[in-house]
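See structure below.
Each value in this text was obtained by applying a stated rule to the coordinates, not by laboratory testing. Note that the coordinates shown come from a computational prediction; the quantities given were computed from them, not determined experimentally. No Cβ is skipped: glycine too gets one built from the backbone with ideal geometry, and neighbour counts run over all protein chains shown.
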Amino acid sequence: MSTQEKIWVAIGLVGQAMFSMRFVLQWLASEKQKKSVIPITFWYFSIAGSLILLSYAIYRRDPVFILGQSFGMFVYLRNLYFILWHKDKPALETQARPPECPPCPPCPQCGAEIPRNPPQ
């Protein structure tokens, strides 16, 4: 294996490690909060790992790998956009719910509780 090939394999392994680290971060954040959560760092590691893996895929000229990482990059950037855009929006007003009422579903973008009957 040439030195150039060894360098690209190392780049691919670093990309895979970055990409895998996002799951470790998500798992640790969920354990800490005792519920399933996706921290913003998940998306940053997704983007970084995907960019490195995309570079490796382009070097290898692998169209399947290139297509997969390109589409994933769009999804990760779009999710990060929603998170950052939604952060500046005022939170939805929530109504006090009676104890017998189950929790309302969370907002899929920010996790805030969405009231069943929003104020008019």
Point-to-point label distance, Q16-V64, nm (Cα→Cβ direction, 7 Å offset): 1.5
From the C-alpha gyration tensor of the range 3-87, square roots of 5λ in Å: 27, 16, 9
Apply the Karplus parameterisation 6.51 cos²θ - 1.76 cosθ + 1.60, with θ equal to phi minus 60°, to every residue of the range 34-43 and state each ³J(HN,Hα) to the nearest whole Hz, in sequence, with x for glycine and proline. 6, 7, 6, 9, 10, x, 4, 4, 4, 6
Length gained when the stretch E31-Y44 is fully extended (0.36 nm per residue, less Cα-Cα span): 2.7 nm
Tell me, what ³J(HN,Hα) does each residue in the range 55-72 have, in order and in whole Hz, if you take phi through Karplus 6.51 cos²θ - 1.76 cosθ + 1.60 with θ = phi - 60° and put x for Gly and Pro? 4, 4, 5, 5, 4, 7, 6, 9, x, 5, 5, 4, 4, x, 6, 5, 5, x
